[in-house]
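The values are calculated or read from the model by the stated rules, or taken from the named source; none is laboratory data. Keep in mind that what you see is a predicted model, and the values were worked out from it rather than measured. Every residue, glycine among them, receives a Cβ derived from its backbone with ideal geometry; neighbour counts consider all protein chains shown.
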Amino acid sequence: MAKITLKNLRHSYMPDPQGPEDYALKHLDIDWEDGGAYALLGPSGCGKSTLLNIISGLLMPSDGQILFDDQDVTPLPPDQRNIAQVFQFPVIYDTMTVYDNLAFPLRNRGRDEATVRERVLAIAEMLEVTDMLDRRAAGLSPDNKQKISMGRGLVRNDVNVVMFDEPLTVIDPHLKWKLRSKLKELHQRVKATMIYVTHDQTEALTFADQVVVMEDGEVVQIGTPVELFERPAHTFVGHFIGSPGMNVIPAELRDGGAFFQGQNVPLEGAVKPGTDGRIEIGVRPEFVAVGDTGIEARVNRVADVGRHNVVEAMVGDQKVSAILNGPAPAQGDKVHLQFQQSQTRVYSDGWIATDPAPQEVSA
Ligand code: ADP
Ligand code: MG
C-alpha cells in the first residue's frame, strides 16, 4: 500500500495540443492517502479512465509526475507499479476454474501454494463464491464473472493501490446494492488504498470516505460525502450530487449582498472581496422552506417521492425546488419561499464565493 501523489498532471490525446480544451486532463494536483477509500466521480467523458490509466501506467501523461510514497514512478510500466486494476467488463480466463482465476495474480508473483490457497479461500468467502471455486469460469453468469474479476483485483495483499473502473456496469440492478456495500466492507478488511471510479453518485457516496469530483478534465472538489452535500465548492458538485440537485439561481451582487429578482437573499457569510463574473445563488432543495413570508413563487409541480414531497415552484421564469417533509401545497398555489441562511451561498463563475457560516459558539 502506498500514498499516491499526482503533481502538475496534464494529459492530451492530441499530438500538438493548443488551448486547455485540447486536454482530457487539465491540471491535477491530488494526494491519495495510504489506505484511503476514494471514489472518482464525474459524468462520462470527464477524464476518469484517463486518470486511472495514468496512475496504473497504461498511459504516459503529457506533463507532470506520479509518485508512490514520494518515489517517482512516472517512467515505470504497469507491471512495475504493483497495482491491481478492475475494469468495466470482466477480465478472466474462461477455460480456467474460478479457483485458478483467483490464484493467477498470486502464482504469477511466485507465491507458494499454501499462501495462494489461504488468500483465494479468504477472498472467495468475502465475495460469496466459495461454492463456485471448482467450476470453469466459462459457465458463469456475467454477474459472477465480474465478481471473480473483482476478486482477482483484491487477492494480492502487496499492491500499492486497487483501482476499479465502473466495475458494477454489467451487474444486475438488484445485485448492485449488495456488491456496493460488500466493497465497502472489503476495504475495511483489506485496508488497501482503493480508487473507485463511477458516474453514479450513490455508488460513490456509499463506497468512499473521500470523493474526488471531476468535471471536464478538472477536479472541482475533494471531500467527504457530507462535505460535498453540505458545502459544495462548485455549482457542478451541488447539481451533480443530490436528488434533486442544488438550486442554482442567476443573481446579482449589490452593496455586498445578493439579489434574486430584486429581492435581497441573506447569505451564510460575507461575499469574498472582488467577486465578479457570472453570479449565482446556490441553495439545496432540503434548505428551501415554504412559508407565509419570503420570495413569492407559484407551484408548478409536486412530486410525492415517498419519504417527502418535492415541490417545484416558479419565481418569475426561474425554477426553484424545495423538499418538504410536511404537507405540500397544490399545483398552481401561490407560495412564499424561504432559503435557510446558513445554507445559502453565492457562486461566481461556478466557484463558491462566500465565507463559511460562523460556527455557533456554545456558552
Ligand atoms: P471517462 O472515463 O470519465 O468517461 P475518459 O477518460 O474515457 O472519460 O475520456 C476523457 C476524454 O478523453 C473524452 O473527451 C474522450 O473522448 C477522450 N479520450 C479518451 N480516450 C481517448 C483516446 N484513446 N484517444 C483520444 N481521445 C480519448
Ligand atoms: Mg471511463
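If I filter segment 40-57 down to residues being out of contact with any helix residue (DSSP H, G or I) (no Cβ under 6 Å at 6 or more places or on another chain) and either of a type in the set (A, V, I, L, M, F, W, C) or more than 16 Å from ligand 2 (Cβ to nearest atom) (or both), which single residue comes out as farthest from Val211 (Cα to Cα)?
Here the residue is Ile54.
Which one is farthest from Met150 (Cα to Cα), of the residues in segment 188-236 that are within 16 Å of ligand 2 (Cβ to nearest atom) and of a type in the set (Gly, Ala, Ser)?
If we take residues in segment 188-236 being within 16 Å of ligand 2 (Cβ to nearest atom) and of a type in the set (Gly, Ala, Ser), then Gly217 is farthest from Met150 (Cα to Cα).
Looking at segment 239-268 only, could you name the residues that are in contact with a Lys or Arg (Cβ under 7 Å, 6 or more places away or on another chain) and either free of Cβ contacts under 8 Å to residues at least 60 places away in the same chain or not assigned by TED's automatic domain parsing to the domain that holds Thr344 (or both)?
Within segment 239-268, Gly242, Met246 meet the criteria.
Cβ-Cβ below 8 Å, separation at least six or inter-chain, first residue in segment 44-55 and over 11 Å from Pro78 (Cα atoms), second of a type in the set (A, V, I, L, M, F, W, C) and near ligand 1 (Cβ under 6 Å from one of its atoms): which pairs?
Matching pairs, first to second residue: Gly47/Ala24; Thr50/Ala24.
Report yes if some residue within segment 32-39 is modelled with pLDDT of 95 or more, touching a Leu at 6+ places or on another chain (Cβ under 6 Å) and either within 16 Å of ligand 2 (Cβ to nearest atom) or farther than 20 Å from Asp216 by Cα (or both); otherwise report no.
Within segment 32-39 (the criterion being modelled with pLDDT of 95 or more, touching a Leu at 6+ places or on another chain (Cβ under 6 Å) and either within 16 Å of ligand 2 (Cβ to nearest atom) or farther than 20 Å from Asp216 by Cα (or both)), the answer is no, since none of the residues qualifies.
Looking at (1) touching a strand residue (DSSP E or B) at 6+ places or on another chain (Cβ under 7 Å); (2) at positive phi; (3) away from ligand 1 (no atom under 16 Å from the Cβ), which is the only condition Gly217 fails?
All conditions pass for Gly217, except number (3).
Mind listing whichever residues of segment 1-58 are in a loop (DSSP other than H, G, I, E, B) and in contact with a His (Cβ under 7 Å, 6 or more places away or on another chain)?
At the first step, the residues of segment 1-58 found to be in a loop (DSSP other than H, G, I, E, B) are 1-3, 12-19, 23-24, 33-36, 42-47, 57-58.
Selection gives Tyr23, Ala24, Gly42, Pro43, Ser44.
For Ala357, all conditions in the list (1) of a type outside the set (Asp, Glu); (2) in the same structural domain as Val265 (by TED's automatic domain parsing); (3) surrounded by 14 or more Cβ atoms within 10 Å (Cβ to Cβ) hold save one; what is the number of the exception?
(2)
Please state which of the following conditions Gln88 fails to meet, knowing it meets all the rest: (1) among the polar types (S, T, N, Q); (2) within 16 Å of ligand 2 (Cβ to nearest atom); (3) assigned to a helix (DSSP H, G or I).
(3) is the only condition that Gln88 fails.
Checking the condition surrounded by 20 or more Cβ atoms within 10 Å (Cβ to Cβ), part of a loop (DSSP other than H, G, I, E, B) and out of contact with any Phe, Trp or Tyr (no Cβ under 6 Å at 6 or more places or on another chain), which residue from Pro75, Pro61 passes?
Details: Pro75 fails: surrounded by 20 or more Cβ atoms within 10 Å (Cβ to Cβ).
After ruling out the rest, the residue left standing is Pro61.
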